[in-house]
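Input: a single structure, listed below in structure tokens.
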Amino acid sequence: MRKGRGAAGPGYVAGYMAMALFYCVAGVNHFLHPQMYVTIIPPYLPWPPLLVYVTGLAEILGGVGVVIPDGLVLARTRAAACRGIVVMLVLFLQVHIYMCLYPERFPGIPGWALWVRLPLQGLLIAWAWYYTRKR
């Protein structure tokens, strides 16, 4: 086993496996409970039901891409999948900001929880970005 910066130890592998599971489950949830996601889409975005399914599919593809061995699809499949996840999460920020600006539209969610989601989004972006580096 290689050591140092290039080593992909058990913690590294566990991290991307957890990420893959997280995004696959989240993506499947878009198909199981689409109305929940439709209600949080800002009104200025068109076709909310379609956006819910497209983003669910994107999450599933990102999660699967994280575990596909490099070279099978792309030279650096995991890095490409993680870059896609980062882009997706940045795009999702507008939903989180919308929810913070209009908390009265989401009475079932405590206001503090809406605000906690913003830094959490930053952590998720950092987590995905970590796996864009070559190991």
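The values are calculated or read from the model by the stated rules, or taken from the named source; none is laboratory data. Please read these numbers as outputs of a predicted model, since none were measured by experiment. All Cβ positions, even for glycine, are placed from backbone atoms using ideal geometry, and neighbour counts span all protein chains on display. Ligands, DNA and RNA are stripped out before the accessible areas are found, and what is left, the full protein with its side chains, is counted by its heavy atoms. Shrake-Rupley method; radii C 1.70, N 1.55, O 1.52, S 1.80 Å.
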- Quick one: ranking Glu104, Glu59 by accessible area, 1.4 Å probe, largest first, what do you get? Glu104, Glu59
- Message: Can you compute the FRET efficiency between Trp47 and Leu101 using 1/(1 + (r/R0)^6), with r the Cβ-Cβ distance and R0 = 22 Å? Round to the nearest 0.05.
- Response: 0.55
- Rh_Kirkwood(the stretch 66-135) over Cα pairs, Å, one decimal, evaluates to 13.5 Å
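Run the numbers for Val54 and Ala126: contour at 0.36 nm per residue of separation, minus the present Cα-Cα distance, in nm.
Numbers: separation 72, 0.36 × 72 = 25.92 nm, distance 2.29 nm.
My answer for the length gained is 23.6 nm.
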- Provide the solvent-accessible area of Leu72, counting protein heavy atoms only and rolling a 1.4 Å probe, rounded to the nearest 10 Å². 130 Å²
- Message: Given the whole protein assembly as supplied and a 1.4 Å probe, what does the accessible area of Trp129 come to in Å², nearest 10?
- Response: 130 Å²
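To two decimal places, what compactness ratio does the chain give when its Cα radius of gyration is scaled by 2.2 N^0.38 Å? The partial results should precede the final answer.
Details: Rg = 16.4 Å, N = 135, 2.2 N^0.38 = 14.2 Å.
Expressed relative to 2.2 N^0.38 Å, the Cα Rg reads 1.16.
Ordering Thr77, Thr55 by how much accessible area each has at a 1.4 Å probe, largest first, what is the list? Could you put the intermediate results ahead of the total?
Working: Thr77 10, Thr55 35 Å².
The residues order as Thr55, Thr77, largest area first.
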- Item | Solvent exposure ordering (accessible area, 1.4 Å, most first) of Arg78, Arg83 | Arg83, Arg78
- On a 0 to 90° scale, report how tilted helix 111-130 is relative to the longest principal axis of the chain, with both axes built from alpha carbons and the result rounded to the nearest 10. 20 degrees
- The ³J(HN,Hα) series, computed from each phi in the stretch 43-52 with the Karplus coefficients 6.51, -1.76 and 1.60 at θ = phi - 60°, rounded to the nearest Hz and given as x for glycine or proline, is x, 7, 8, x, 6, x, x, 5, 4, 4
- Message: Compute the helix-to-body angle for 10-32: its Cα long axis versus the longest principal axis of the chain, expressed 0 to 90° and rounded to tens.
- Response: 30 degrees
- Note on the structure: Residue span Val13 to Val67: 0.36 nm per residue of separation minus Cα-Cα distance leaves a gain in nm of 18.5 nm
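Could you do me a favour and compute the accessible area per residue for the chain, 1.4 Å probe, result in Å²?
Numbers: 8090 Å² over 135 residues.
The answer is 60 Å² per residue.
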- Return the carbon/sulfur percentage of the accessible area of the chain, one whole number, probe 1.4 Å, all protein chains in place. 75 percent
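Classify the stretch 8-79 from the C-alpha gyration tensor, please: rounded if a/c falls under 1.5, else prolate or oblate depending on whether a/b exceeds b/c. Walk me through the intermediate numbers first.
Numbers: a/c = 3.24, a/b = 2.19, b/c = 1.48.
Prolate, because a/c is 1.5 or more and a/b exceeds b/c.
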